[in-house]
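The values are calculated or read from the model by the stated rules, or taken from the named source; none is laboratory data. Since this is a predicted model, take the numbers as computed values, not measurements. Please note: Cβ atoms are built from the backbone with ideal geometry, for glycine as well, and neighbour counts cover all protein chains shown. Side chains are part of the model used for accessible areas, which takes the heavy atoms of the whole protein and leaves out ligands, DNA and RNA. Shrake-Rupley method; radii C 1.70, N 1.55, O 1.52, S 1.80 Å.
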Amino acid sequence: MACAFSGVGVITFYNGSFAFTSGVAWICLATVLISLYNIYQRKLLLRYSPLEVTTYCIVAGALLLSVFAKNALPQLLTAAPEGIAAIVILGVFSAGIAYLCWAWALSKADKTNEVTSYMFVTPILTTLLGFFLIGEAPHVSVYIGGAMVLAGLVILSKGR
């Protein structure tokens, strides 16, 4: 795991500087919350199917975000069709299908960390999508960090 974390660090701090900002604090909080979510979800999957758990979680998230509906509805009514399509794609694929697959994988794994260790692939996928979708050229540190992340995943999977 240290190898994979170091790889993420190399990708993140390629410009050589780091400042603890409110954004970093939010990311740290999100990390703690997703960890708790995965542990709690694992317990829920002992009683409910992956589809049920995913549905309950997405509905709960929608209810919690409904406080923003007052501002969102007027914007939705004036949004371009491409923007609405992007929202639907993100909702169906990035939320619905992705979380359903995640719940299914958690339900099949013997240990939670067998699934969660693959979260280290996220920075690599984000970099690849940035390159292919918007032409963002990765810095050399991305290649080095990505190789470290993949090496860490290989070490984790071989260690089992």
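Worth a mention:
- Against the test of being of a type in the set (Gly, Ala, Ser) and closer than 30 Å to SER157 by Cα, the options ALA69, ALA80, ALA4, ALA62 yield a single qualifying residue, ALA4.
- Checked against the criterion of being β-branched (Val, Ile, Thr) and either open to solvent by less than 50 Å² (accessible area, probe 1.4 Å) or modelled with pLDDT of 80 or more (or both), the candidates THR122, THR116 yield just one match: THR116.
- The numbered conditions (1) in contact with a helix residue (DSSP H, G or I) (Cβ under 9 Å, 6 or more places away or on another chain); (2) surrounded by 11 or more Cβ atoms within 10 Å (Cβ to Cβ) are all true for LEU65 except (2).
- So TYR118, is it in contact with a Cys (Cβ under 8 Å, 6 or more places away or on another chain), in a helix (DSSP H, G or I) and not β-branched (Val, Ile, Thr): no
Condition check ((1) in contact (Cβ under 8 Å) with a residue 12 or more places away in the chain; (2) closer than 26 Å to VAL149 by Cα; (3) open to solvent by less than 50 Å² (accessible area, probe 1.4 Å); (4) more than 18 Å from the chain's Cα centre (by Cα)) across all residues:
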| residue | (1), (2), (3), (4) |
| --- | --- |
| CYS3 | yes, yes, yes, yes |
| GLY7 | yes, yes, yes, no |
| TRP26 | no, yes, no, no |
| TYR48 | no, no, no, yes |
| SER94 | no, yes, no, no |
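- So SER157, is it over 16 Å from the mean Cα position of the chain (by Cα), closer than 24 Å to ILE39 by Cα and surrounded by 15 or more Cβ atoms within 10 Å (Cβ to Cβ): no
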